Amino acid sequence: MKTDYLNLYSNLNEFEKIILQSTKDWVNKHVRPKIEQSFISGVPLILKNELTDLGAFGSIFPEKYGGLDFNFLSYGLMMKELEKGDSSIRVASSIQTSLVMNAIFSYGSEEQKLKYLPKLANGTIVGSFAMSEPSHGSDISNLKTKFKIVDEKIILNGSKLWIGNANTADISIVWAKNEENNIQAIVVETNNITNFHSTTLENKSSFRSSHTGELFFDNSLISVNQILPKANSIKDAYKCLNIGRYAVAWGALGIAEECYETALKFSLERTQFGEPIAAKQLIQKKLVDMITEISKAQLLCFKIAELMDNNIVSFEQISMAKRNNVKIAQMIAKEARQILGGMGITHDYSIMRHMINLETLITYQGTNEMHILITGRDITGINAF
């Protein structure tokens, strides 16, 4: 493997190697032949059944709830390969697993887990995770979506923006403030709620192969039994993002590897002045910088996976991985595009599409600036938000 400069992947066990290769094969079969046209047209590539067959929904959860008992390293490897295909494909898996199923698994009652998790795992239902709002993305302490309880019914008011699967979800995990101003999570069944509608965001320049939209609640009535009983604070809301950010860290690594592999192959095949451009010093410097940053990002991902599998990871460590890997993926995509010259802006290669998707990943689940402040607070003890 050209990107495995430190031979990290050779240390995988047989199961992890199977996950890595089977996901790679799946992407080659189901994503690569169609993704460029999907991106150009802006028509999402719907692969729910195929992702279910791959085991991409809920793989990290116990078999009791429809999962596959993956360790976090196996899950990260799968996310990496899915994002090599396209960010929208990894996001489809990650929303279902890291956000929706994770919220129910972490904060739901046993009855709620048994009701929803197996159906989410087998793709019978699709979920969305509704935290961000038009005026509050990172600052969820000031959410405007609120609810009160009257006669065993939740009355929900507010709106949510930048929600993946907004107009296709069967259920949505909606974060809102109760009358005591505490943040709680509600499982909203979109076909069993009054005064609710969703819209699709049109004309996106990034994440063009996925559904993104907005949710609106206007005195919407929901059964009080839909509240996740163990989610009662802003900390619980933030904890839900940990696995999602972990998936982004691995996904960004996948983009970096994909762009490097493309640039290396092109530089060895493209001849100028009688020799491959890979023979030029400046091209070699670009390639060396890329593989160095990729190797460091791989080490970071493997270590975070180890910490997660031993249940000793901190959210600040995950935050560092997310910020670093998106940042280096941006740099590598830009340098790779330059190596390809004019060909780099065509849809014959994936680099420009990945560059555009990375513009979303910078802000997705916390901007780079927010993650800098998370790390800064952790190392200094001073909150600079």
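Points to keep in mind about this one:
- In the range 50-167, counting only helices (runs of 4 or more DSSP H) that sit wholly within it, the ones holding 2 or more residues that are of a type in the set (Phe, Trp, Tyr) and at pLDDT 95 or above span 72-85, 102-107.
- Residues of the range 25-49 satisfying the condition of being within 17 Å of the chain's Cα centre (by Cα), of a type outside the set (A, V, I, L, M, F, W, C) and part of a loop (DSSP other than H, G, I, E, B): Pro44
- Filtered residues of the range 226-267 (kept if modelled with pLDDT of 95 or more, of a type in the set (Ser, Thr, Tyr) and either closer than 22 Å to Leu299 by Cα or surrounded by fewer than 20 Cβ atoms within 10 Å (Cβ to Cβ) (or both)): Tyr246, Tyr260, Thr262
- When the range 153-187 is filtered for residues that are more than 18 Å from Ala92 (Cα to Cα) and either aromatic (Phe, Trp, Tyr) or free of Cβ contacts under 8 Å to residues at least 40 places away in the same chain (or both), the ones remaining, listed by number, are Trp175, Ala176, Lys177, Asn178, Glu179, Glu180, Asn181.
- Condition check for Gly164: under 30 Å from Phe39 (Cβ atoms), touching a helix residue (DSSP H, G or I) at 6+ places or on another chain (Cβ under 7 Å) and either aliphatic (A, V, I, L, M) or surrounded by 17 or more Cβ atoms within 10 Å (Cβ to Cβ) (or both): yes
- Checking Asn195 against (1) at negative phi; (2) modelled with pLDDT of 90 or more, the condition it does not meet: (1)
- Members of the range 216-275 found to be among the aliphatic types (A, V, I, L, M) and either out of contact with any helix residue (DSSP H, G or I) (no Cβ under 7 Å at 6 or more places or on another chain) or farther than 27 Å from Met290 by Cα (or both), listed by number: Leu221, Ile222, Val224, Ile227, Leu228, Ala231, Ile234, Ala237, Leu241
- Looking across the range 101-111 at every residue that is within 15 Å of Pro62 (Cα to Cα) and not small (Gly, Ala, Ser), the one that is surrounded by the most Cβ atoms within 10 Å (Cβ to Cβ) is identified as Met101.
- Listed by first and then second residue, the pairs linking a residue in the range 6-28 that is over 24 Å from Ala92 (Cβ atoms) and in contact (Cβ under 8 Å) with a residue 12 or more places away in the chain to a residue that is surrounded by fewer than 16 Cβ atoms within 10 Å (Cβ to Cβ) and not aromatic (Phe, Trp, Tyr), with Cβ atoms under 7 Å apart and 6 or more places separating them unless they lie on different chains, are Leu6/Ser295.
- If the condition is being within 12 Å of Val126 (Cα to Cα) and touching a strand residue (DSSP E or B) at 6+ places or on another chain (Cβ under 9 Å), then the range 81-93 contributes only Ala92.
The values are calculated or read from the model by the stated rules, or taken from the named source; none is laboratory data. Just so we're clear, the structure is a prediction, and the values are computed from it rather than from any experiment. No Cβ is skipped: glycine too gets one built from the backbone with ideal geometry, and neighbour counts run over all protein chains shown.
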